[in-house]
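The values are calculated or read from the model by the stated rules, or taken from the named source; none is laboratory data. Only a predicted model underlies this, so the values are computations on that prediction, with no experimental measurement involved. Every residue, glycine among them, receives a Cβ derived from its backbone with ideal geometry; neighbour counts consider all protein chains shown.
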Ligand code: KG4
Ligand code: ZN
């Protein structure tokens, strides 16, 4: 079975073809980062318009790369939510238009389920069950995953998401959008002793997170430093921020593993690309005999492959999940816990 995946929930247009017997056949991505950089963040209307421009050329690209004819597609999976309403509508409209034209069944996929299952696309995928840390621009959640569609929320952020805290703190340091990779790189030059920033909810008796205070701590430090801030000051603050963030994420993951009795940890979402987080998790897990699984770097951030893949897994579990229904609606807000198989 060949599934076409269409992702357009934010500022990346992703298309991919996944074959349940051969694996990923092709995937193509267009990132709008350069366009939004000028505004310091994603401009929803510009994002929607750009998805319209990119979707069909990317479709042609994946068809060409995979060498398959469009009529060989068995089902089309598109990101139905959560995300930016206008951006989601473009992907849904493109996907359902294609489905109608090709007479193929459709399947709306939950973006976070795509992220959550993306580590299973790796060469050495984890087996179920596992603990998953989902750390993206919009979400920070710890979940126990028993199988496809069987997710239990263990804890989540009460305010900012981890990626959001990265982006907002990077902005305070005068770094561009998206701030995660930039602040991570700068932190490598920083002195870990210079700024000890708060570790929010580190000792709380639950698995929830809170990152808005950490961002405010960055603002407070920035405001105390005489302008212009030196490059070393900025690196030191970046280091203080990254160390605090990593400490909290690592500690909560270890607690979740300990309480659940599970030994496998899966990291998904854009912040999962962060090298300090990976180093911290690997060290803590090795000490305790746990194994950490990551998606391939290119599948950490938004992409079409994870949507095609999640769609294919859902269809394997329930062939009736895809329908020849071409009227569509999107769900900009859609809690993962509401998903059923
Ligand atoms: O998963 P994703 O592509 O989109 C959402 O679904 O939100 O995640 C994007 C987020 C952004 O906040 C970005 O700054 C962050 O992931 N990010 C990183 C890194 N690469 C991307 N944060 C820290 N370190 C990185 N290397
Ligand atoms: Zn995402």
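Inspect all residues belonging to region 301-323 and state whether any of them is touching a helix residue (DSSP H, G or I) at 6+ places or on another chain (Cβ under 8 Å), within 16 Å of ligand 2 (Cβ to nearest atom) and at pLDDT below 95.
For region 301-323, residues touching a helix residue (DSSP H, G or I) at 6+ places or on another chain (Cβ under 8 Å), within 16 Å of ligand 2 (Cβ to nearest atom) and at pLDDT below 95: present.
How many residues, within region 317-333, are farther than 22 Å from residue 9 by Cα and within 24 Å of the chain's Cα centre (by Cα)?
1
Can you tell me which residue within region 141-151, out of those that are closer than 17 Å to residue 254 by Cα and more than 16 Å from ligand 2 (Cβ to nearest atom), is surrounded by the most Cβ atoms within 10 Å (Cβ to Cβ)?
In this case the residue turns out to be 142.
Quick test of your reading of the structure: residue 38 fulfils all but one of (1) under 21 Å from the mean Cα position of the chain (by Cα); (2) modelled with pLDDT under 95. Name the failing condition by number.
Exception for residue 38: condition (1).
Can you confirm whether residue 138 is within 16 Å of ligand 2 (Cβ to nearest atom), in the same structural domain as residue 276 (by TED's automatic domain parsing), touching a helix residue (DSSP H, G or I) at 6+ places or on another chain (Cβ under 8 Å) and assigned to a helix (DSSP H, G or I)?
no
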